[in-house]
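In what follows, a structure is listed as structure tokens, so that the remarks can point back to it.
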Amino acid sequence: MRTRAILGSILASTSVLIVGYQAGVSVTMSDGTSLSLPVDAATNGTTGSTSGGTSTSTDGSGTETGSTGSSTPSTGTSTEGPAASGPTDGTYTGSSVSTRFGNVQVAVTIAAGSITDVTALQLTDDDGRSIQISNRAAPILRSEVLSSQSARVSNVSGATYTTDAYLTSLQSALDQAGV
Amino acid sequence: MRRAFSTMGTMASIALPDAWASEITELQRIFRAIDERYSLYLPDSELSMIASGRTLLADASATLLASYARALEWRSATGGNFSPHRPDGTIDLNGIVKAEAIEQAGEYLTAVGCPQWSVNVGGDILVSPTGGATPATASAAPLVPRVMRAGIAEPLSPTELLCSLKLRHPRRAIATSGSAQRGDHIWRAGSTGPVSFIQVSVVANDIVTADVLATTIVAGGEEVLDEVTDRWDVDVITVDRSGALRTTPGLLRALSPTA
């Protein structure tokens, strides 16, 4: 089904989705042809960026589709009728995509030719258990915190200091420096 | 200005505008009063009297009972991973009293109108809604909210920083728990196995939540980490036994060195 293929390509490449959103047009399908989606250009560009996603910006594999509900266009904007080549209204389910955070599958709802909702259907962890897209802690590399070490700090949080341990602590140095 | 003093078996470090320096005395009094009520090291503290059976819990002060009730609520909320009881049944409010003391110090400073401050007691930190203390002396000067950066100590080498992050209203509180320095105040619920995390820092909107949940995650391990981040509005960074890190998305954003 054509629309299914279109949505498959959306899922496979969030960057395309975002570009498509912001431009309001032109989603490239997996078979190389392209299609105009009459996405309302007035839609705030940021709504398509799913910034609350699963912090996958480093892997670039398009898994940011995980953020639920963040792509709902504002209502009341001038939506033109579906273009001749536009998809039929309805909800379309993408294929499950394997990511380093687990499997992701989303559904996209299209009304009047615009994407009105993106819903995460599946996100599983390594054990196959279903998890919700959330505030969960994910592994990061030490190199990702490295640059923050050199920033100037005024207090240090650590496991409770004993008074003795304090004497050799960074906090003690900061206190003596009076910063 | 910044003043450090010894209290509650640890060190407090307070930063205030110079014009508010005289408030340090009252803050010391607040901490001393709390210590004298709850310390199990002072044989005649109210809590020691209860622990030794010289005072019945039913006869305890309303203040102590309120802290105990709050700790019990946290015990329920965390499925027992946080507990105000030692394994032998002794009531030990150490896990909540320090955070309550920081909270009270903050309430006091807010009540007297101190514009910008930070209170760090034993590595648990609360900053004013307007950010960390400014060195400015004029208390009436217009205030620009300051983003304060707090460091997090490297658990295996506490004289080094693991990272630093922004503390900004409403995320004003950070607490760190771990087995690195004083693991003995964390009792593992129903398990004697080794902790999976050697250090856990929780950033929250209030210091009691941050402190209790940091303790909870150390005690409960990985499974509890997920539960906590699902249920509470907090940011977390954990260090496990191999030194590997995990962070919630919000904490990762707060690490950014730019203001």
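Against the list (1) farther than 18 Å from B:V212 by Cβ; (2) free of Cβ contacts under 8 Å to residues at least 24 places away in the same chain; (3) small (G, A, S), the condition B:A69 fails is (1). Of all residues in region A:79-101, those that are assigned by TED's automatic domain parsing to the domain that holds A:A120 and under 13 Å from A:G113 (Cα atoms) have Cβ atoms under 7 Å from Cβ atoms of residues that are at pLDDT below 55 and among the acidic types (D, E), 6 or more apart or on another chain, in A:T79/A:D40. Quick check on B:T25: is it among the polar types (S, T, N, Q), outside any helix (DSSP H, G or I) and out of contact with any Phe, Trp or Tyr (no Cβ under 9 Å at 6 or more places or on another chain)? Spelling it out, it is not the case that B:T25 is among the polar types (S, T, N, Q), outside any helix (DSSP H, G or I) and out of contact with any Phe, Trp or Tyr (no Cβ under 9 Å at 6 or more places or on another chain). Scan region B:205-251 for residues that are surrounded by fewer than 19 Cβ atoms within 10 Å (Cβ to Cβ) and hydrophobic (A, V, I, L, M, F, W, C) and the total you get is 1. Can you tell me which residue among A:G90, A:G81, A:G128 is away from every other protein chain (no Cβ under 13 Å), at pLDDT below 70, out of contact with any Gly (no Cβ under 6 Å at 6 or more places or on another chain) and on the phi > 0 side of the Ramachandran plot? A:G128 is the lone residue from the list that is away from every other protein chain (no Cβ under 13 Å), at pLDDT below 70, out of contact with any Gly (no Cβ under 6 Å at 6 or more places or on another chain) and on the phi > 0 side of the Ramachandran plot. Are any of the residues in region B:2-11 touching an Asp or Glu at 6+ places or on another chain (Cβ under 6 Å) and at positive phi? Within region B:2-11 (the criterion being touching an Asp or Glu at 6+ places or on another chain (Cβ under 6 Å) and at positive phi), the answer is yes, since at least one residue qualifies. When region A:140-171 is filtered for residues that are among the aliphatic types (A, V, I, L, M) and either part of a helix (DSSP H, G or I) or more than 7 Å from chain B (Cβ to nearest Cβ) (or both), the ones remaining, listed by number, are A:L141, A:V145, A:L146, A:A165, A:L167, A:L170.
Residues in region B:215-238 that are of a type in the set (S, T, Y) and either farther than 20 Å from B:S179 by Cβ or in contact with a Gly (Cβ under 6 Å, 6 or more places away or on another chain) (or both): 2 in all.
Considering region B:229-259, the residues that are β-branched (V, I, T) and touching a residue at least 40 places away in the same chain (Cβ under 8 Å) include one that is farthest from the other protein chains (Cβ to nearest Cβ), namely B:V239.
Checking B:S13, B:S45, B:S39 one by one, the residue that is closer than 20 Å to B:V121 by Cβ, touching a residue at least 60 places away in the same chain (Cβ under 8 Å) and surrounded by 15 or more Cβ atoms within 10 Å (Cβ to Cβ) is B:S13 and no other. Kindly indicate the residue of region A:146-172 that is among the aliphatic types (A, V, I, L, M) and under 41 Å from the mean Cα position of the chain (by Cα) and also surrounded by the fewest Cβ atoms within 10 Å (Cβ to Cβ) among those meeting that condition. Step by step, filter region A:146-172, then rank; the result is A:L146.
The values are calculated or read from the model by the stated rules, or taken from the named source; none is laboratory data. Worth saying up front: this structure is predicted, and the values here are computed from it rather than measured. Don't worry about glycine lacking a Cβ; one is built from the backbone with ideal geometry, like all the others, and counts go over all protein chains shown.
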